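Note sheet for the following structure.
The values are calculated or read from the model by the stated rules, or taken from the named source; none is laboratory data. Quantities reported herein were computed from a predicted structural model and do not represent experimental measurements. Cβ placement follows ideal geometry from the backbone for every residue including glycine, while neighbour counts extend to all protein chains displayed. When the accessible area is computed, the model is the full protein with side chains, heavy atoms only, and any ligands, DNA or RNA have been set aside. Shrake-Rupley method; radii C 1.70, N 1.55, O 1.52, S 1.80 Å.
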Amino acid sequence: QVQLVESGGGLVQPGASLRLSCAASGNRFSIATMAWFRQAPGKQRELVAGITSGLRTNYADSVKGRFTVARDNAKNTVYLQMNSLKPEDTAVYYCTVAGTGYWGQGTQVTVSS
């Protein structure tokens, strides 16, 4: 059983930054590919960014150059640094262990003036 707990969401103005964190339980975190997804109201959940155990990363085109995914295996934590936030980034952000059914509860990010 793996538990994922996201934090760091909030209400910010356009152009601001936020850093999301996802703390994972279990002792296999270091070999897991982790990913961040988001779901806006009325839209399907979409991949935002992923990071492998070898630190390879991938990003949705809509966030490239603005978001950075990172991990700290010593803390069993994956991060999503979000810069230059736009209103269209507003969504609930979820972390997941890629290829499994393990998801966090989500954290709300709202970008609005």
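Looking at the chain, the accessible area is 53 square angstrom per residue; that uses a 1.4 Å probe and ignores ligands, DNA and RNA. Solvent-accessible area assigned to carbon and sulfur over the range 35-113 amounts to 48 percent, based on a 1.4 Å probe. Shape annotation for the range 6-48: C-alpha extents along the principal axes are 37, 23, 14 Å, from largest to smallest.
The trypsin sites (Lys or Arg not before Pro) found in the range 10-113 that occupy coil by DSSP, while having at most 16 further C-beta atoms within 10 Å, are Arg28, Lys43, Arg45, Arg56, Lys64, Arg66. According to the Kirkwood relation over distinct C-alpha pairs, the hydrodynamic radius of the chain is 13.9 Å. Counting only aspartates and glutamates at least 8 places from Lys75 when in the same chain, those with an alpha carbon closer than 16 Å to its own are Glu6. In the elastic network of the chain, a GNM with C-alpha springs shorter than 10 Å, the most mobile of Val92, Val78, Val69 is Val92.
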